[in-house]
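Report on the structure given below.
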There are 2 protein chains.
Amino acid sequence: MSDQISKFYAYVDSHEADFVQRLADAVLYPSISSDQTPQGRQHVINMGSYIHGQFAQFVAKPEDVQLVDLGFQDDTNPQIRLPPVVLARIGEDANKKTVFVYSHYDVQPVGGWKEANVQDPDAFILNTTRPDGQLIGRGATDDKGPIMGWLNVLEAHKSIADGLGKPLAEILPVNIRFLFEGMEESSSLGLDKWINEEVQKPNKGWFNGVGCACITDNYWLTTHRPALTYGLRGIAYFSINIEGATNDLHSGSFGRMVHEPMTDLVQLFSLLVGTNGVIFKEVEEMVPAPTPEERAQYAQLDYAVSDLRQDIGNPVELSEDPVELVMGRMRYPSLSIHGIQGAFDTITTAIPHKISGRFSIRLVGKQTPKAVHEIVDKFLRKEFDNLKSKNKMSLTLEVEGMPWVGDRDHWNFKAAHAATIAVHGVNLTPDYTREGGSIPITLTIEQALDGENVLLLPMGRSDDGAHSLREKLDRDNYFKGTKVYGTYLYELAKQVAS
Amino acid sequence: MSDQISKFYAYVDSHEADFVQRLADAVLYPSISSDQTPQGRQHVINMGSYIHGQFAQFVAKPEDVQLVDLGFQDDTNPQIRLPPVVLARIGEDANKKTVFVYSHYDVQPVGGWKEANVQDPDAFILNTTRPDGQLIGRGATDDKGPIMGWLNVLEAHKSIADGLGKPLAEILPVNIRFLFEGMEESSSLGLDKWINEEVQKPNKGWFNGVGCACITDNYWLTTHRPALTYGLRGIAYFSINIEGATNDLHSGSFGRMVHEPMTDLVQLFSLLVGTNGVIFKEVEEMVPAPTPEERAQYAQLDYAVSDLRQDIGNPVELSEDPVELVMGRMRYPSLSIHGIQGAFDTITTAIPHKISGRFSIRLVGKQTPKAVHEIVDKFLRKEFDNLKSKNKMSLTLEVEGMPWVGDRDHWNFKAAHAATIAVHGVNLTPDYTREGGSIPITLTIEQALDGENVLLLPMGRSDDGAHSLREKLDRDNYFKGTKVYGTYLYELAKQVAS
């Protein structure tokens, strides 16, 4: 087996250029799931077809790779189809463990990428020429890099299997069930429904016999140490809608004659969160203070204020204590104000008449979106009443995701831990992290597997800028990440399932 | 003379269709002065040339109509020319009074006009077919209607003069000096400088011998009663600039790790103004409370809460007392928050890293922009210090305009008063108003005339939506406005200059 791993590593080392080309090919598809035009959606669907074709090379039987049609997206006009789910299955050996692998092939929009990135003007043409090894392009790290990583693993093992004259599935140490979706950046529309239907089949359908899951859709805590992730904050994303007059008004003519929605909104916003990041009392009180033991666990992370500074550029950290900082991301709720729809960004003197103030709360522990929604709604109604405004106010819960904490002592984590050390060395023992962001599919998968362990195994670094301009994946992370994925399969096989 | 006015009215009555066509021709030019592209600016320049050509028909000598080149606009790249000032002079009779007339031929941008106005999709094609008499198009009321009104007056009198075999100037009761600019909606760039140079000529150049001024660039207080305007609020338009990290950050990863500029900004915004419209103390204290006499003057205005409701659509007025409402517009300062540059209007989870919060204060009395700027700056610095944020904050004064109050008892106003009653009848004795908005050129003109009286003589109604979508001018206002302009000239001639 050790010989086979060596061949795998050698294959990766000698095929780096091919693997980069594979990623560049995938980045070419502008698979922006939030683009609701028929043309925009077609790009996402095309990306799904491409992924389907890539995995089709490695399956034993045609039915082992599928494009699952999720039907139409409800809220679009004209109606557009949801992108397909891509399924691929390698191995059905009852004597081997079966691991479920999830990633997504859709990407975030590119906003002002062209203007901001004069050196890399096209977000969908991967920049592969940088001396620092950064591969810059939309989706490079989120999640096209990881998906291509899995393809790299299969290609390498197919080559080894061909050399041995054996089928690919036979030489792989575990069975794998892949699921790649195309709507993750748009609330995974349609996927929950499909998974729920699938698990209600007598044999649990695609989830039959799966012993653990691996999600490749997050990032290291830092730029310099690998991570295994066992927790996620949830999210409740809100709009405060305030409506005053029926039209925008000229502030010269109507200033100090009417209740202005912006005036009301900033009063409400100002009560939600302080400069120190502390949220209003009713939300803050839902989370107990950290115990000394818990604090000690966070203190083990290889994290310094300088790591944060590297990501944020300017010294605007909330604390000088790195333990407070990582707890700020991982185990405290946070509230961010994102912007206002209906207001102006140019120098215009109009009074906006109808606005939606956008903010979100990252949730932990018992903070379900429902519970927090009720608390926020009650709080804002009370405070809006206090304002004595004649405008109309309402609250909309736009996006929700449950918080999640998994079992970091499970053999699934032990396998990933061993694989990480095998590739990166013992000096880079992985950080055990909880993500500040939410990946709601994690909970869906855990439920689909009746509580079997779910691991998040990140490929990219903390500074990849997944949702920002100049998103990148470092070559080193891409190649070593490919090796970690492959080695993880071998380590899984070694584990004694409890 | 009375016979001549009758002929004038008859001409207007029999040429309504021609006058509407004249306005439609003028609206065709998309003369948006804030469009800084060379093509966009060319439209404004073309509009200036058109106005020049129109007035050239009515002057006695070629040099009585001029296109004044104001040079280049400094802050554009590539450099673009400023639109020309159009000057026209009718009459040089030392025995007649000379009135100076100002208006502007540039317009506001059209923003979402096309989407919002499915019935009138093109802002620059005047809708002349509505049974309610509204003429809908960008610039219809601000200020193409008024400029065409003056052309109508000249055309009618030219016809009368031709009938009498006399030159136009001879039958006009006063001398007129027109000045039309093309940058009013963009801070009148270049005009102040030209006026200051002009008045320093030995004979005061274009302003030589002018006895009073008439500005046709504002609106009635209501939809149903004409108005004469003797005051304007000033303006100080500010940006609060806050900078945190060097890039926008993902709120999942960085929420509760960094100081967020939006959090700081809404704290500052919330301190500036209350839901009741009252500004923070230091600004409010600059303005004395109204005396009983002053209050009585405002109580004379023909204004009801229902007038405001008609403009604003929903019942969001700050007070049920119409006197408080008109004082809110005319003699109190107001503070409006317009929006935020750098924040998001879509449902995005990013933390904006660099934002500019836009707000403006409408100024009255002793509130010069300079004095208010100092007070706002001091206030915000103190409050930002209190926040203990590591972000960087600065304040920019983006636009400034002085407040102004003129002499409403001057013969210039008496002439306009008499003209208004002559056209509209005694039941529509004009409201004496102060505008809530600012027209900074008013002060420049007053200074250029060494303090001679300046009158604002509005043509349009309060609901014309000058800077909004569906800007309109009512046919009745256009035709009666033309009559008022002409009659005003006769009434000016009657006045005994004090």
Kindly flag which residue pairs out of B:LYS96/B:LYS193; B:LYS166/B:LYS204; A:LYS96/A:LYS166; B:LYS414/B:LYS494; A:LYS370/A:LYS390 have an alpha-carbon separation exceeding 19 Å in this structure. B:LYS96/B:LYS193; B:LYS166/B:LYS204; A:LYS370/A:LYS390
May I ask for the angle, rounded to the nearest 10°, between helix A:261-272 and the longest principal axis of chain A, with both axes built from Cα atoms and the value confined to 0 to 90°? 60 degrees
Within segment B:139-176, the residues whose backbone N lies under 16 Å from a label point placed 7 Å from the Cα of B:ALA10 along the Cα-to-Cβ direction are B:156-165
How much net charge surrounds A:GLY139 when only the other residues with a Cβ under 9 Å from the Cβ of A:GLY139 are counted, with Lys and Arg +1 and Asp and Glu -1? -2
Report which residues of segment B:376-402 become buried by 40 Å² or more of accessible surface when going from the isolated chain to the complete set of protein chains (1.4 Å probe; DNA, RNA and ligands ignored). B:LYS390
Label model pair B:GLN21, B:SER2: point-to-point distance (7 angstrom along the Cα→beta-carbon line) in nm is 3.5 nm
Between A:LYS193 and B:GLN447, what is the FRET efficiency for a Förster distance of 51 Å, r being their Cβ-Cβ separation, to the nearest 0.05? 0.10
Amide H to amide H under 5 Å from B:HIS250: which residues, 5+ apart in sequence or cross-chain, H placed 1.01 Å off N in plane? B:ILE351
Pop out the carbon and sulfur fraction of the accessible area of segment B:23-158 as a percent, whole number, probe 1.4 Å. 52 percent
Using modelled amide H (1.01 Å from N, peptide plane; none on Pro or chain starts), what sits under 5 Å from the amide H of B:GLU471, excluding residues fewer than 5 places away? B:GLY137
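For the protein assembly as shown, what mean projected area does the convex hull of the alpha carbons give, in nm²?
Hull-based average projected area comes out at 44.4 nm².
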Heavy-atom accessible surface that A and B bury in contact, both chains counted, 1.4 Å, Å² to 100: 6500 Å²
What residues from segment B:353-367 fall in the zone where the backbone N is under 19 Å from a label point 7 Å along the Cα-to-C-beta line of B:ALA296? none
Env charge @ A:ASN175, Cβ radius under 10 Å, K,R +1 / D,E -1, value +2
Based only on Cα atoms, what Rg/Rh ratio does segment A:160-207 have, Rh being taken as Kirkwood's radius? 1.19
How much mean residue ellipticity at 222 nm does chain B get from its helices, if each DSSP H run of length 4 or more adds -39500 (n - 2.57) and you divide by all residues, to the nearest 500 deg cm²/dmol? -11500 deg cm²/dmol
Nearest 10 degrees is fine. How inclined is helix B:16-27 to the longest principal axis of chain B, computing both from alpha carbons? 40 degrees
Classify segment B:284-364 as rounded, prolate or oblate, taking a ≥ b ≥ c as the square roots of the eigenvalues of its Cα gyration tensor: rounded when a/c is under 1.5, otherwise prolate if a/b is larger than b/c and oblate if not. oblate
Could you rank the peptides A:357-370, A:248-261 by their average count of other C-beta atoms within 10 Å per residue, with the highest value first? A:248-261, A:357-370
Phi angles of segment B:448-459, converted by Karplus (6.51 cos²θ - 1.76 cosθ + 1.60, θ = phi - 60°) into ³J(HN,Hα) in whole Hz with x for Gly and Pro, give 4, 8, 6, x, 4, 5, 10, 10, 9, 10, x, 9
Can you send over the solvent-accessible area of A:ASP409, 1.4 Å probe, protein chains only, in Å² to the nearest 10? 110 Å²
Mean accessible area per residue over the protein assembly as shown (1.4 angstrom probe, all protein chains present, square angstrom) is 37 Å²
Answer rounded, prolate or oblate for segment B:351-399, using the Cα gyration tensor with square roots of eigenvalues a ≥ b ≥ c: rounded when a/c is under 1.5, else prolate when a/b is larger than b/c, else oblate. oblate
Size of the dipole of the protein assembly as shown about the Cα centre, Lys and Arg at +1 and Asp and Glu at -1 on the beta carbon, nothing else charged, in debye to 20? 240 debye
Near the amide H of B:ILE235, under 5 Å away, which other amide H atoms are found, from residues 5 or more places off or on another chain, if H is placed in the peptide plane? B:LEU363, B:GLY401, B:MET402
Checked segment A:181-324 against the a/c 1.5 cut and the a/b vs b/c comparison, axes a ≥ b ≥ c from its Cα gyration tensor; verdict oblate
Return the lysines within reach of B:LYS114: Cα separation strictly under 25 angstrom, same-chain partners fewer than 8 residues apart disregarded; answer none if there are no such residues. A:LYS354, B:LYS144, B:LYS472
Calculate log10 I(q)/I(0) of segment B:1-72 for q = 0.12, 0.24 Å⁻¹, where I(q) comes from the Debye formula with a single equal point scatterer on each Cα and nothing for solvent. -0.51, -1.09
Given labels modelled 7 Å from the Cα in the Cβ direction, how far is it in nm from A:THR223 to A:LYS378? 4.6 nm
Provide B:ASP74, A:ASP13 ordered by accessible surface of protein heavy atoms (probe 1.4 Å), highest first. B:ASP74, A:ASP13
Taking chain A as the reference, fit the longest principal axis to its C-alpha atoms, fit the long axis of helix A:475-494 to the helix C-alpha atoms, and give the angle between the two in degrees, 0 to 90, nearest 10. 60 degrees
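The values are calculated or read from the model by the stated rules, or taken from the named source; none is laboratory data. Bear in mind that the values here come from a model prediction, so they are computed numbers and not experimental data. Please note: Cβ atoms are built from the backbone with ideal geometry, for glycine as well, and neighbour counts cover all protein chains shown. Please note that ligands, DNA and RNA were not included when accessible areas were found on the heavy atoms of the full protein model with its side chains. Shrake-Rupley method; radii C 1.70, N 1.55, O 1.52, S 1.80 Å.
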